[in-house]
Amino acid sequence: MLRKLLAFALALIVVGCTTLPEELPLGLPSQALAPQPGGPLAAAETALQARLGPEGGPEVSGFHLLDANEAALRWRLALIDSAQHSLDLQYYGWWGDESGILLMSRVVAAADRGVRVRLIVDDLTTNTLLEIAQERFSDSGLAIVAAHPNIAVRLFNPWRQRSLLGKLFESIEHLDRVNQRMHNKLLIADNRAVILGGRNIGNEYFGLSPEFGFRDLDTLGLGPVARQASEVFDRFWNSEQVVPAGRLGIAATPADLRQAFVGIDAALEAAPRLERFEVAPQDWRDALGDLVQGMHAGSSRVLSDVPGVDEEEEVVHVMPALIRDLLEQAERDVTITNAYIVPDAAAIAWLRDQTGRGVRYRILTNSLASHDVPAVNAHYKAWRDDFLAAGVELYETKPHAALQALVVDTPPVVAGFTGLHSKAMVIDGARVFIGSMNLDPRSWRLNSEMGVVVESPGLAAELLANIERDMRPENAWQVVLDEDGELAWIAGDERLDRQPARHFWQRVEDVLFMLLPKEIY
């Protein structure tokens, strides 16, 4: 982590005094390419339609839950390698570690074979994109990748000042704008297949970080859901909140791109963490054929916040109302897994109304011990007894959960601890939401968020079984109020009378972060 922070600081200094103009230099508008005939993904969608038969209609897609981190990386590689016409990618974070470089190398390989690539990344973290693989890349990596004739890169809510000092002053002068980020996570291939959910691009999301690993969740969709996702992508791509990477004042040519990738394949081949992955693009037709046979059929709606209409309003927040409307349709039960939860009194009162009308609510979130953002826990912890008083069944993830070996770690890597990063819910055993949205002030009022609602009893049953597995005593504590009204953490025969932590410093952080406003988390 220290190496990354130092590299990040160095990259900020390297770009020097580059400054974007007051009027953002917008790129030319473009739209998602319509699905084209030919290629593995076209064949897969045709096979899915044939398999579904009368069950499938013009609005029905196939869905596959990406539960394990290794599978999440593998299927991203599969879609990129299988694309023949277009790739549209939208991510909050794309780290320059082994997984980030591996995926970017495959994106460049797709562009080399003629695939049109459009990439949107949030500018908050772009200084770490492509800086790794033995520090081969720096902040100029974005401009270098964008030099490819088939790749266009745009930055959401870009820093106007590109120097370290400039960004500091910009954060002070324009905090409201700087604080609004694009938290979307989206990969669309040939406008036929899509992966969306909670994972950014980085080792911790794919079980490749020895420091810690996220227990996360995505879904792979095939069919009309990809076109729905493309509508979201196009809204952001053509908005006034994104700027072409080529306008950053960093000169780059296709020759620079070729030079930058010299030795990358060899470095990836030699990376011990990637021993289960091929570096070169693969033929995935057999895997896609097997995938189609096991997909859950369902109709879908892709939901998203909307880019703002001026430079001070980066995001129009429609997701909170959409999620609330979705939950209010519940008749029997709601099961939620969500990494970062900071409610308020109105949310607790709303939950009390929901349980009062007979809807069972179960929520799984992080414990202090499993948290990667202790500041969130500092503001969540005061609401535990309120959740319980409102009739919610509350569970918190263990940092050394048994599920780590099952879905978190990708051999040979063994993470130091497991943290929850999923954002999903199951409603009445028939409807699911999987997306990027946490249940905290940042997601509700600052970030842009997105997700997919799927009407599918099969997908709902699989997701519900996975969340219930994550709630078992070997994976989580149930938080309860004992006979004296005090909080207790119960897991089988284990009982803790204060919130669990991995070490003493976590408890210190938990107190210190209470001094900061919860609205920024």
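The values are calculated or read from the model by the stated rules, or taken from the named source; none is laboratory data. The structure displayed is predicted, hence computed values, not measured ones. Here Cβ is always computed from backbone atoms with ideal geometry, including for glycine, and neighbour counts include all displayed protein chains.
Computed quantities for the displayed model
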read-out: Close pairs from the range 386-402: first touching a residue at least 12 places away in the same chain (Cβ under 8 Å) and surrounded by fewer than 22 Cβ atoms within 10 Å (Cβ to Cβ), partner of a type in the set (Asp, Glu) and part of a loop (DSSP other than H, G, I, E, B), Cβ under 6 Å, at least 6 apart; value: ALA402/GLU474
read-out: Test: residue in the range 276-287 that is over 24 Å from LEU73 (Cα atoms), surrounded by 12 or more Cβ atoms within 10 Å (Cβ to Cβ) and not basic (Lys, Arg); value: no
read-out: Total residues in the range 494-508, condition more than 21 Å from ARG215 (Cα to Cα), at pLDDT below 95 and either surrounded by fewer than 13 Cβ atoms within 10 Å (Cβ to Cβ) or touching a Gly at 6+ places or on another chain (Cβ under 9 Å) (or both); value: 3
read-out: Test: GLY213 is on the phi > 0 side of the Ramachandran plot and out of contact with any Leu (no Cβ under 8 Å at 6 or more places or on another chain); value: no
read-out: Matching option when the condition is within 22 Å of HIS503 (Cβ to Cβ) and either not assigned by TED's automatic domain parsing to the domain that holds PRO272 or not aliphatic (A, V, I, L, M) (or both), among PRO399, PRO441; value: PRO399
read-out: Verdict on VAL480 being surrounded by 13 or more Cβ atoms within 10 Å (Cβ to Cβ), among the β-branched types (Val, Ile, Thr) and under 22 Å from the mean Cα position of the chain (by Cα); value: no
read-out: Meets criteria (surrounded by 24 or more Cβ atoms within 10 Å (Cβ to Cβ) and at pLDDT 95 or above) for VAL153; value: no
read-out: Looking only at the range 297-347, and only at residues there that are surrounded by fewer than 15 Cβ atoms within 10 Å (Cβ to Cβ) and among the aliphatic types (A, V, I, L, M), the one that is farthest from ALA390 (Cα to Cα); value: VAL309
read-out: Cross-chain or 6+ apart pairs with Cβ under 7 Å, the range 212-224 first and closer than 19 Å to HIS296 by Cβ, then among the acidic types (Asp, Glu) and not in a strand (DSSP E or B); value: LEU217/ASP67; LEU222/GLU45; GLY223/GLU45; PRO224/GLU59
